[in-house]
1. What lysines could a cross-link reach from LYS221, if we take a straight Cα to Cα line under 19 Å and drop same-chain neighbours fewer than 8 places away?
2. Would you mind getting the accessible area per residue of segment 370-519, heavy atoms of the protein chains only, 1.4 Å probe, in Å²?
3. Ranked highest first by average number of other Cβ atoms within 10 Å, how do 125-133, 500-508 line up?
4. Report the one residue of LEU187, LEU198, HIS172 whose Cα lies farthest in the direction of the positive end of the charge dipole of segment 163-226 (charges on C-beta: Lys and Arg +1, Asp and Glu -1; origin at the Cα centre).
5. Going by average Cβ density within 10 Å per residue, which order do the peptides 78-86, 270-278 take, highest to lowest?
6. If we count every other residue with Cβ under 15 angstrom of SER127's Cβ, Lys/Arg +1 and Asp/Glu -1, where does the sum land?
7. Per DSSP H run of n ≥ 4, the term is -39500 (n - 2.57); total these for the chain, divide by its residue number, and report the mean residue ellipticity at 222 nm rounded to 500 deg cm²/dmol.
8. Where the accessible area of the chain is counted over protein heavy atoms with a 1.4 Å probe, how much of it, in %, is carbon and sulfur?
Amino acid sequence: LSMLLLLVINVSDWFSSINKKPIDDAEKKRVLSLWKKRVTRIKRANSMLTKYLSTDTGYFSNYQESYWLSHHVKLLDEIHDQSYGRIGLANSDIDVIKKFVSNSKNISSLRKNFNASFIDSELKTYSNFFNNIEDRSLDDQQRKAVVTDEDNNLIIAGAGSGKTTTIIGKVHYVLDKYKVDSEDLLLISFTKRSANDLKKRLKKDEVKVKTFHSFGMEVLKEVEGKYPRTLDDDENSTVFKHLLTKSFKASLEDRKYINKVNKFVIDYLREPKSEFDFETRGDYYQHLRDQDFSTFKRVPSYSDKTTFKREVVKSIEECKIANFLLFNGVEYKYEAKYKSPLPFDYFPDFSLIQDGKTIYLEHFGINKNWQVPPFFARDGETHKQATKRYLGDRNKKIELHKNNSTTLIQTFSYEIWNNDESFYDMLRQRLVDAGIRLSPKTPEEIWQIINDFYRNEEKDLIKLFGTFITLMKSNQYSMATVKHKLTKIEDGFLRKRGQLFLDIIKPIYDGYEAHLAKEKVIDF
């Protein structure tokens, strides 16, 4: 075995020896010449980075780092894993190569450390300069925003915090520090008012101050040779609203479309939350007020008998039930007192009146575990005690109806939050089983109730359509993009609401786009 191993080693050495060709002098000269040329290129690369790391050059930006790396990536590939220590290069050249390799590996940290030192230095150098910008002294955050000359700077500031003053300070600093021509600066704002205000306060006519729209128009003119046809602000706003309104009203001629709009307004326009999501009754009632959860039934306003207001109920769930009764032609009274005599005060949630007969509907705030919401507990009462008391009151009501031979329909919180559609089907069946005759209103009648009573509903919807289209186009999204994003929303309610809204807005958006294409108009 040892002899065989020795034979293998000897054979290996023999193969190695015949593959190692001796390097002649000509080859050595060629390799050395190649590396000297590389060293010349490497010196230029190191010199460029040294310039970036000079306070005279200014802030070392991310763009400059990326440019340096991309500009020398080929050179880095050429010397990667190459041996250059014993080919005849001077020690100084070898140091140049090692520095280049080190710079390429550590450029990000070099930039970070340099910029931290640069900012501190600039704040001291320009201290007096920053003490008098529009007769004001910039604070530390404003000064850092001015001297930080990154590719993109996101500055988040509230109203009246000095944003315009900071921009003016930035302009004067750039002109002084980097010695650029005023004509080479471009300031862009969203509105004409802010652009005009900026130009007036800057007091430098050579600096171009434009809105995004005007800048875009100039680019289009430069490319196309003429300005495109556009709608001015006033005309755009008027035409935009008119087109959306016209498209919406035309779409409402389709019964399927009206059904979607009704469903959106009734069930999806406002985001519902279960009573079980709130710790206090005050928080829950505030949510009802904020989301404007009230029924579409008209009730007299006692302060003015000639006007009507939307009926206010005590829960989102009761609101859903009340609207279902209204839109199915079932006359009801909300929290009307039960007939006398009574062993206790009792105001059923809904008294359903039909053919001179009254049937009662009670909605109980109970989850699947037969527990009540946390805020149902009174002062000094535990949640368990509150549940026991509530279920006891329920039993009293059931017994009362039994003794008086009155019909009681019961519904529960957990039935609603499982699924709206299945709950409505269940409620419909319970009403029919109790002898209630349903007279469902047509989609057109339901929309008329909604729109006649709550006259801003249509205007608010059109305003919502306009906002959505504007935001979608400003973000360069297509309808397909938005639809794809919807599929990634985990919350079931929000996903369904979004899908329904897209179904509603699509014909309106298509009509608007068709108008723009027909008129060859750009909708700035």
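1. Within the straight-line limit of under 19 Å, LYS221 reaches these lysines: LYS208, LYS210, LYS520.
2. 58 Å²
3. The peptides rank, most packed first, as 500-508, 125-133.
4. LEU198
5. Values: 78-86: 11.0, 270-278: 16.9.
The most tightly packed comes first, giving 270-278, 78-86.
6. Numbers: positive: LYS124, ARG136, ARG143, LYS144, LYS177; negative: ASP120, GLU122, ASP139, ASP140, ASP176.
In short, 0.
7. Rounded to the nearest 500, it is -19000 deg cm²/dmol.
8. 51 percent
The values are calculated or read from the model by the stated rules, or taken from the named source; none is laboratory data. Nothing here was measured: the structure is a model prediction, and the numbers come from that model. Quick reminder, even Gly has a Cβ in these numbers, built from the backbone with ideal geometry, and neighbours come from all protein chains shown. Just the protein is used for accessible areas: all its heavy atoms, side chains included, with ligands, DNA and RNA removed. Shrake-Rupley method; radii C 1.70, N 1.55, O 1.52, S 1.80 Å.
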